[in-house]
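The values are calculated or read from the model by the stated rules, or taken from the named source; none is laboratory data. All values reported here derive from a predicted model rather than from experimental measurement. Counting neighbours? That spans all protein chains shown, and the Cβs are built from the backbone with ideal geometry, glycine included. SASA here: full protein model, heavy atoms, side chains in, ligands and nucleic acids out. Shrake-Rupley method; radii C 1.70, N 1.55, O 1.52, S 1.80 Å.
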Amino acid sequence: MIYNISVINGDGIGVEITPQAVKILETIGHKFGHTFNFEYVLMGGCAIDETGIPLPEQTLNSCLKSDSVLLGAVGGPKWEGLPGEQRPEAGLLALRAAMKLFANIRPAKLFAPLKNASPLRTDIVEKGIDLVFVRELTGGIYFGERGRRPAQTDGFGTEAFDTERYSEKEIERIAKVAFEIAGVRGKKVISVDKANVLESSRLWREIVHKTAKSFPQIEVSDMLVDNAAMQLVKNPSQFDVVLTSNMFGDILSDESAMLTGSIGMLASASLGETKQGLYEPIHGSAPDIAGQDKANPISAILSAAMMLK
């Protein structure tokens with residue numbers, strides 16, 4: 001088989017760990033008779049430095065025609081002063097949207113050699129931590145209307161706003177992904193929302209349970225996001241597949257990753273309705289250790305493994 005992979009080393013430690021994942025893929029190809037054609041393209045801070053924009057057209061075209069994309073990391077202090085739409089992270093958001101990647105899959109599993117690195121008590125850790133976050137990726141507050149305007153109350157100056165919005169279709173398709181993953185795991189989905197306050201969460205809960213009727217073998221329950229943050233620390237072994245909106249998943253998946261002892265050891269996949277996806281470690285560019293050849297590449301290698309699956 002021949003596979004065309006777009007490789008984005010990115011910024012910081014991305015240029016150190018991604019080549020290690022590529023080496024693994026090359027070894028696998030040699031051993032099992034596959035050919036991986038790698039096309040190296042720029043995105044993030046390095047792209048800004050060279051082209052002035054975080055997602056050059058050449059990079060976008062390469063990713064859209066590839067079988068999948070392997071990404072290191074983007075961003076860093078060097079570009080933090082730029083306007084939001086010109087920062088490295090804007091390139092990542094634009095790429096996800098262009099590739100129509102609406103589902104972010106983030107496993108959080110505690111590896112035995114790291115159990116002493118977990119901040120949790122030993123009796124909690126020994127129950128096991130092995131869960132998967134299924135996070136909606138292209139909707140919600142990150143993609144809703146935003147801006148600044150004069151405050152509605154006199155004397156309050158300027159106010160900023162970001163709008164949380166979800167459609168039935170967006171909720172239904174991410175719920176299906178969660179149920180399908182649960183079907184090959186523990187057959188249990190906990191859907192996280194804030195339905196006691198937010199109308200978008202009320203629709204979320206309604207559509208999740210409507211969709212669940214097509215998956216009778218899956219146990220589905222709801223959990224408010226503040227309780228979920230507490231339960232992840234109190235008893236993470238109760239979770240199998242966690243279904244979340246964009247912002248809630250962004251926050252809670254980082255919490256769950258830290259419970260495993262190191263956010264730098266875990267992988268992720270961003271998927272759409274085809275086999276094409278974007279695979280990346282969940283950690284950032286780690287500028288404090290970049291260039292020192294000390295970053296662990298396991299997260300990049302595991303991301304490549306998810307890509308092969």
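Summary of values
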item: Neighbours by Cβ (under 6 Å, 6+ apart or cross-chain): first from segment 16-37, at negative phi and part of a strand (DSSP E or B); second β-branched (Val, Ile, Thr) and open to solvent by less than 60 Å² (accessible area, probe 1.4 Å); result: Phe36/Ile5
item: Segment 57-85, residues that are in contact (Cβ under 8 Å) with a residue 24 or more places away in the chain, outside any loop (DSSP other than H, G, I, E, B) and either among the small types (Gly, Ala, Ser) or open to solvent by less than 20 Å² (accessible area, probe 1.4 Å) (or both); result: Thr59, Ser62, Cys63, Ser68, Val69, Leu70, Leu71, Gly72, Ala73
item: Test: residue in segment 192-199 that is part of a helix (DSSP H, G or I) and over 22 Å from the mean Cα position of the chain (by Cα); result: yes
item: Criterion (closer than 22 Å to Lys78 by Cα, out of contact with any helix residue (DSSP H, G or I) (no Cβ under 6 Å at 6 or more places or on another chain) and among the polar types (S, T, N, Q)) met by exactly one of Thr18, Thr51, Thr27; result: Thr51
item: Answer residue from segment 1-43, given it is touching a Leu at 6+ places or on another chain (Cβ under 7 Å) and not polar (S, T, N, Q) and is surrounded by the fewest Cβ atoms within 10 Å (Cβ to Cβ) among those; result: Phe36
item: Ala305 being of a type in the set (A, V, I, L, M, F, W, C), part of a helix (DSSP H, G or I) and at pLDDT 95 or above; result: yes
item: Every pair of residues 6+ apart whose Cβ atoms lie under 9 Å, when the first sits in segment 147-165 and is in contact (Cβ under 8 Å) with a residue 60 or more places away in the chain while the second is of a type in the set (Asp, Glu) and open to solvent by 90 Å² or more (accessible area, probe 1.4 Å); result: Glu164/Glu199
item: Sole residue being at pLDDT below 95 and closer than 30 Å to Ala175 by Cβ, chosen from Lys127, Lys78; result: Lys127
item: Condition check for Ile263: more than 20 Å from Asp193 (Cα to Cα) and open to solvent by 30 Å² or more (accessible area, probe 1.4 Å); result: yes
item: Failed item, numbered, when Asn227 is tested on (1) part of a helix (DSSP H, G or I); (2) under 23 Å from Leu271 (Cβ atoms); result: (2)
item: Selected residue (criterion: most open to solvent (accessible area, probe 1.4 Å)) from residues of segment 190-245 that are of a type in the set (Asp, Glu) and closer than 23 Å to Pro119 by Cβ; result: Asp226
